[in-house]
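Throughout, read-outs are computed from the coordinates displayed, never taken from laboratory work. Keep in mind that what you see is a predicted model, and the values were worked out from it rather than measured. So basically every Cβ, Gly included, is an ideal-geometry build from the backbone, and we count neighbours across all protein chains shown.
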Number of protein chains: 2
Amino acid sequence: MPVTLRDVARHAGVSVRTVSNVANDFPHVAPGTRARVQRSIDQLGYRINPAARGLRTGRTGVLGLMVPKLSQPYFAELADETVQAAADAGLALMVEQTEGRREAERSWLRPGGMARMWDGAIVSPLGITGSDLAERLGCPVVLLGEHAADLRAPWVGGDNVAAAVAAVEHLIALGHSEIAAIGAQRGAGGETGRERTKGFRLAMSDAGLPVRKGRVVEPVSFDAAGGAAAVRTLLASRRPPTALMCFNDELAYGALAALAQAHISVPDEVSVIGWDDLRGNEFTVPALTSVRVPKAVVAREAVRLLLSLLGQPSGTEPAPVRIVIDHHITERASTGPAA
Amino acid sequence: MPVTLRDVARHAGVSVRTVSNVANDFPHVAPGTRARVQRSIDQLGYRINPAARGLRTGRTGVLGLMVPKLSQPYFAELADETVQAAADAGLALMVEQTEGRREAERSWLRPGGMARMWDGAIVSPLGITGSDLAERLGCPVVLLGEHAADLRAPWVGGDNVAAAVAAVEHLIALGHSEIAAIGAQRGAGGETGRERTKGFRLAMSDAGLPVRKGRVVEPVSFDAAGGAAAVRTLLASRRPPTALMCFNDELAYGALAALAQAHISVPDEVSVIGWDDLRGNEFTVPALTSVRVPKAVVAREAVRLLLSLLGQPSGTEPAPVRIVIDHHITERASTGPAA
DNA sequence: CGCCGAGTTTGCATCGTTGCATGCAACGAT
DNA sequence: ATCGTTGCATGCAACGATGCAAACTCGGCG
């Protein structure tokens with residue numbers, strides 16, 4: 001029932017190959033012929049059959065995006081931007097959720113997994129290791145900033161250390177000296193947390209400020225619940241901090257909730273800064289100051305980098321390009337002068 | 001370079017067709033043969049080539065999900081559940097964003113659009129009309145609850161009127177009588193808002209309560225900004241309400257923010273109820289009571305319904321099945337007894 | 001002992017497209 | 001007039017899988 005090249009060819013009185021040339025905008029087609037064939041294409045409503053083209057060319061026209069979980073706002077916003085960036089490049093995007101399971105990340109990327117359906121994959125890894133990536137992969141892969149700092153592979157992201165320094169400097173400039181960091185993470189997958197912690201300590205020591213015991217908190221979970229719990233612990237300590245630097249906005253949301261519950265005013269008594277600059281930050285109470293690494297730019301660069309990898313012959317070890325995206329602090333109402 | 005059926009056949013000493021039979025779990029393969037072939041498959045790492053299969057069978061193994069925007073938490077959570085539901089059915093999922101543009105919804109579904117790449121589509125429509133759906137589509141379509149009430153097509157969603165009634169009854173049971181509704185919408189795409197408004201008015205009149213002028217607010221936008229603006233308007237009115245029913249949680253987020261800014265305590269002075277039961281509701285300040293239509297169930301039923309449509313011969317007018325998912329009220333801290 | 005049929009296995013054609021190599025016409029240069 | 005050369009257009013053969021129908025195997029039965 002669907003219209004094929006053959007149908008169009010018959011209709012336009014040319015060969016199948018010529019129709020293909022027109023449909024693909026190949027050069028070396030006479031203007032007159034092109035117009036006539038194009039007319040037939042439009043008239044019959046012909047569209048390229050992606051399966052057949054894919055079979056012939058080995059390309060699918062589809063990119064994969066692997067994120068831990070779409071319902072986390074950060075990844076939802078990232079997916080939003082990536083879908084758009086892919087569409088701008090004329091590619092479709094399939095989204096997979098790994099839930100942070102290393103095995104899922106690994107198996108999907110292997111030649112037998114989903115990667116088979118993709119020309120390339122953009123991966124926001126949590127559990128995957130360098131050796132997993134050294135295995136033969138089903139398609140070229142670009143890693144995104146989260147937890148991928150030490151993997152030798154093409155990579156796009158922000159500079160965690162420098163951005164953490166900027167965040168702390170923002171708080172110090174407001175007069176804070178008793179600052180806590182929420183979001184450190186031991187063990188595998190904790191690279192991001194470690195880098196941000198490093199930046200935190202660096203900025204503190206550069207300012208000549210001590211980092212008191214217990215001021216670097218590893219939350220029980222990296223969501224609002226974890227942030228809230230961390231704040232309750234900090235409030236119970238001998239000398240509670242006057243400023244909190246949360247390693248992601250969801251932690252900060254939980255922090256705000258716990259502070260509100262404890263009737264502690266933000267930012268009058270405690271300042272809070274988050275990280276990711278989520279859309280919702282504008283409407284937390286109070287609106288949340290946050291570290292911003294523009295997701296649209298990350299997505300666009302990731303697609304661009306991936307497309308450039310596609311040009312290279314497969315099997316070639318891809319150069320471990322690292323594209324660093326500028327960060328800055330989006331100031332809102334949750335940070336203010338120290339009391 | 002990739003392993004094909006032919007490679008496996010040679011390796012196992014059987015015909016290509018038999019390998020295909022094993023790979024697809026067809027009956028009528030002798031157990032011994034099956035085991036031997038399976039061993040070869042595993043050993044060589046053979047995987048079905050989806051493009052080739054797709055070309056032959058006409059199926060792609062991919063479902064499409066069309067939502068207005070992934071960065072809206074509601075659609076992100078819905079996409080999360082839908083990806084999972086599709087995976088459970090052995091299908092991949094491609095996500096497209098329509099930004100609510102009718103033309104995008106329409107063109108992607110037409111035979112020439114993305115639908116070409118999909119076995120079926122799950123669509124959360126905003127602008128699409130009944131006549132658009134009556135056109136020849138590129139694949140079977142299941143509509144989701146939002147704004148699709150009056151379209152003749154297979155549909156999965158909650159009962160907006162009944163759920164709105166339940167929400168209002170919850171507020172009335174707490175002693176509220178001065179209740180406002182935020183989220184009405186005139187014009188195309190406003191069906192959801194109209195139904196929820198209908199439920200609101202119905203519950204009020206059933207309780208013998210008047211709906212005062214200006215108490216049904218059409219927000220400037222359906223996000224937190226719109227909710228905040230609506231609340232500011234309501235607060236400026238002669239007799240401000242003591243309870244707010246917001247037609248989605250993002251509106252409610254904005255409402256909470258505006259109330260906090262006005263130093264009005266929730267729920268002591270004003271109660272707020274939202275709709276969608278977003279993950280983040282647990283950590284708003286205070287935690288947001290919300291109408292819940294379980295997204296996991298919606299997604300699962302939508303995939304199930306879509307798969308059942310795939311069985312029917314194309315061209316057949318699909319029966320306009322409507323699957324209604326139960327709602328209930330998730331009570332949290334933002335609703336309380338009237339002052 | 002040969003035939004039957006259920007249970008297995010196979011060969012062939014084909015899905016719609018593009019890579020490749022070649023055909024063909026027209027034109028300018030020799 | 002002839003020979004490249006360039007620019008268009010074409011035919012054929014794949015890509016890797018599955019639908020179809022035929023063929024084979026073998027135990028059981030007339």
Review point. Is segment B:73-128 best put as rounded, prolate or oblate by its Cα gyration tensor, with a ≥ b ≥ c the root eigenvalues, rounded for a/c under 1.5, and otherwise prolate when a/b is larger than b/c, oblate when not?
Key: oblate
Exercise for review: Determine the percent antiparallel among the DSSP beta bridges restricted to chain A, to the nearest 5.
Suggested key: 10 percent
Practice item. State the answer as a single residue: which of A:108, A:15, B:187 lies farthest towards the positive end of the charge dipole of the protein assembly as shown, with beta carbon charges of +1 for Lys and Arg and -1 for Asp and Glu, about the Cα centre. Key: A:15
Study note, to complete from the structure: Restricted to the protein assembly as shown, the DSSP antiparallel beta bridge percent, nearest 5, is 10 percent
**Study point:** Dimensions (Å) - segment B:160-293, Cα atoms, principal axes, largest first
**Key:** 32, 29, 24
Check your understanding: When Lys and Arg each count +1 and Asp and Glu each count -1, what net charge do the other residues less than 14 Å away from residue A:310, Cβ to Cβ, add up to?
Key -> +1
Exercise for review: Find out how many positive minus negative residues lie around residue B:12, taking Lys and Arg as positive, Asp and Glu as negative, among other residues whose Cβ is under 13 Å from that of residue B:12.
Suggested key: +4
Exercise for review: Using the 7 Å Cα-to-Cβ label point, sort the distances from residue A:38 to its equivalents in the other copies shortest first and give them in nm to one decimal.
Suggested key: 5.5
Check your understanding: What trypsin sites (Lys or Arg not before Pro) does segment B:162-196 have in DSSP loop regions with at most 12 other beta carbons within 10 Å?
Key -> B:186
Point to revise | Cα-based shape type of chain A, given that a ≥ b ≥ c are square roots of the gyration tensor eigenvalues and the cut on a/c is 1.5 | key: prolate
Practice item. With everything on Cα atoms, drop me the angle between helix B:73-88 and the longest principal axis of chain B, reported from 0 to 90° to the nearest 10. Key: 30 degrees
Study note, to complete from the structure: Note on the protein assembly as shown: alpha-carbon gyration tensor, axes a ≥ b ≥ c; rule is a/c under 1.5 for rounded, else prolate if a/b larger than b/c, else oblate; result oblate
Exercise for review: Could you give the size of the charge dipole of the protein assembly as shown about its Cα centre, using +1 on the Cβ of each K and R and -1 on the Cβ of each D and E, expressed in debye and rounded to the nearest 20?
Suggested key: 2300 debye
Practice item. In nm to one decimal, list the spacings between the residue A:221 label point and its equivalents in the other copies, with label points set 7 Å along Cα to Cβ, shortest first. Key: 3.0
Review point. Farthest toward the dipole's positive end in segment A:158-300, which of A:216, A:296, A:254, given Cβ charges of +1 (Lys, Arg) and -1 (Asp, Glu) about the Cα centre?
Key: A:216
Check your understanding: How big is the charge dipole of chain B about its Cα centre, in debye rounded to the nearest 20, if each Lys and Arg gets +1 on its Cβ and each Asp and Glu gets -1 on its Cβ?
Key -> 1160 debye
Review point. What is the local net charge at residue A:33, summed over the other residues whose Cβ is closer than 14 Å to its Cβ (Lys, Arg +1; Asp, Glu -1)?
Key: +3
Practice item. Rank the residues B:53, A:239, B:101 as a footprinting-exposure proxy: fewest other Cβ atoms within 10 Å of their Cβ go first. Key: A:239, B:101, B:53
Review point. How far apart are the residue A:198 label points across copies, placing each 7 Å from Cα toward Cβ, in nm, shortest first?
Key: 6.0
Review point. For chain B, modelled as a Gaussian network with Cα springs under 10 Å, which listed residue fluctuates most, B:178, B:169, B:135?
Key: B:135
Study note, to complete from the structure: Rounded to the nearest Å, the spacing of the alpha-carbon centers of segment B:188-220 and segment A:195-229 is 48 Å
Exercise for review: For segment B:1-54 and segment B:268-339, write down the distance between their C-alpha centroids in whole Å.
Suggested key: 44 Å
Check your understanding: For the rotation bringing B onto A, which B residue has its Cβ nearest the axis, and at how many Å?
Key -> B:76, 2
Study note, to complete from the structure: In whole angstrom, largest first, the equivalent ellipsoid semi-axes that the Cα gyration tensor gives for segment A:5-48 are 14, 10, 10
Study note, to complete from the structure: To the nearest 10 degrees, the tilt of helix B:160-173 (Cα long axis) against the first principal axis of the alpha carbons of chain B is 40 degrees
Revision key, fill the gap. Checked against the positive end of the charge dipole of segment A:160-293 (+1 on Cβ of Lys and Arg, -1 on Cβ of Asp and Glu, about the Cα centre), the farthest of A:176, A:237, A:202 is A:237
